[in-house]
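Trainee: Starting off with a structure, shown below.
The values are calculated or read from the model by the stated rules, or taken from the named source; none is laboratory data. As the structure is a prediction and not an experimental result, all values here were calculated from the model. In this analysis, Cβ positions are derived from the backbone assuming ideal geometry, glycine residues included, and neighbour counts consider all displayed protein chains.
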Ligand SMILES: CC(C)(COP(=O)(O)OP(=O)(O)OC[C@H]1O[C@@H](n2cnc3c(N)ncnc32)[C@H](O)[C@@H]1OP(=O)(O)O)[C@@H](O)C(=O)NCCC(=O)NCCS
């Protein structure tokens, strides 16, 4: 599973928009699959089997956070797993384009850290394309640092960074 990111910004997204106070965070629900699949296809350019999301959510339900609009529709999500002792791994993280730069990603990441610490996990890891400056800046703000260069990590041959931070 690779965290593949789109580096292109939506038109007008460079301008900071108003905060999104109407956004709620909750756990993953089965009905989220179509919308999350659309966000993943657009933001991460991946098309996973729809059964992957419920299957991953069963491993650590609290690690799969969904941000929703007032209609309870997903507008972003963070899918974390804990497959290595003591570690949280961020497998997928994306916010739908119209909602970016409004603090939704920050809320997802903050809530994820709370849940990872509640599980007594001590370290968080992730992978990111070396070209994904937006995500790398975001993660650096969260004090993630590069721990490894993953040569040819992505299916199109692009290198990835592994990044990590203590929790
Ligand atoms: C990475 C991603 C999830 C971040 O989500 P987001 O909702 O835009 O994140 P936020 O709005 O919380 O933060 C984005 C920026 O807006 C800024 N911001 C957020 N709220 C703000 C506020 N109230 N005032 C000022 N700035 C604010 C943040 O400081 C942040 O700045 P940074 O670029 O220095 O990190 C999003 O860009 C995305 O989906 N990208 C495509 C998919 C992707 O690359 N995923 C990662 C794969 S590894």
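Residue by residue, here is whether (1) surrounded by fewer than 16 Cβ atoms within 10 Å (Cβ to Cβ); (2) not in a strand (DSSP E or B) holds:
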position	(1), (2)
121	no, yes
136	no, yes
153	no, yes
157	yes, yes
163	no, no
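Trainee: Can I ask one more? Only one of these is modelled with pLDDT under 95 and either more than 14 Å from the chain's Cα centre (by Cα) or more than 10 Å from the ligand (Cβ to nearest atom) (or both): 9, 38, 26. Name it.
Mentor: None of the other options fit; the residue is 9.
Trainee: Please go through the stretch 123-134 and give me each residue that is part of a helix (DSSP H, G or I) and within 8 Å of the ligand (Cβ to nearest atom), ordered by number.
Mentor: Applying the first criterion (part of a helix (DSSP H, G or I)) to the stretch 123-134 yields 133-134.
Answer for the stretch 123-134, where residues must be part of a helix (DSSP H, G or I) and within 8 Å of the ligand (Cβ to nearest atom): just 134.
Trainee: What pairs come out if I take residues in the stretch 89-105 that are closer than 26 Å to residue 147 by Cβ and pair them with residues that are assigned to a helix (DSSP H, G or I) and more than 7 Å from the ligand (Cβ to nearest atom) whose C-beta lies under 6 Å away, six or more apart or interchain?
Mentor: Matching pairs, first to second residue: 94/39.
Trainee: Here's another thing I want to ask about it. Please go through (1) more than 11 Å from the chain's Cα centre (by Cα); (2) crowded, with 17+ Cβ neighbours inside 10 Å; (3) within 24 Å of residue 53 (Cα to Cα) for residue 126 and return the number of the only condition it doesn't satisfy.
Mentor: (1)
Trainee: Within the stretch 83-115, count every residue that is more than 12 Å from the ligand (Cβ to nearest atom) and either buried (at least 23 other Cβ atoms within 10 Å of the Cβ) or within 25 Å of residue 47 (Cβ to Cβ) (or both).
Mentor: Residues that pass the stated criteria total 2.
Trainee: For the structure I just gave you, tell me whether residue 142 is closer than 28 Å to residue 22 by Cβ, touching a residue at least 12 places away in the same chain (Cβ under 8 Å), in contact with a strand residue (DSSP E or B) (Cβ under 9 Å, 6 or more places away or on another chain) and not assigned by TED's automatic domain parsing to the domain that holds residue 54.
Mentor: Details: closer than 28 Å to residue 22 by Cβ: yes; touching a residue at least 12 places away in the same chain (Cβ under 8 Å): yes; in contact with a strand residue (DSSP E or B) (Cβ under 9 Å, 6 or more places away or on another chain): yes; not assigned by TED's automatic domain parsing to the domain that holds residue 54: yes.
Yes: the conditions hold for residue 142.
Trainee: Report yes if residue 146 is surrounded by 13 or more Cβ atoms within 10 Å (Cβ to Cβ), over 23 Å from residue 32 (Cβ atoms) and more than 10 Å from the ligand (Cβ to nearest atom), otherwise no.
Mentor: Here the answer is yes, as residue 146 does meet what is asked.
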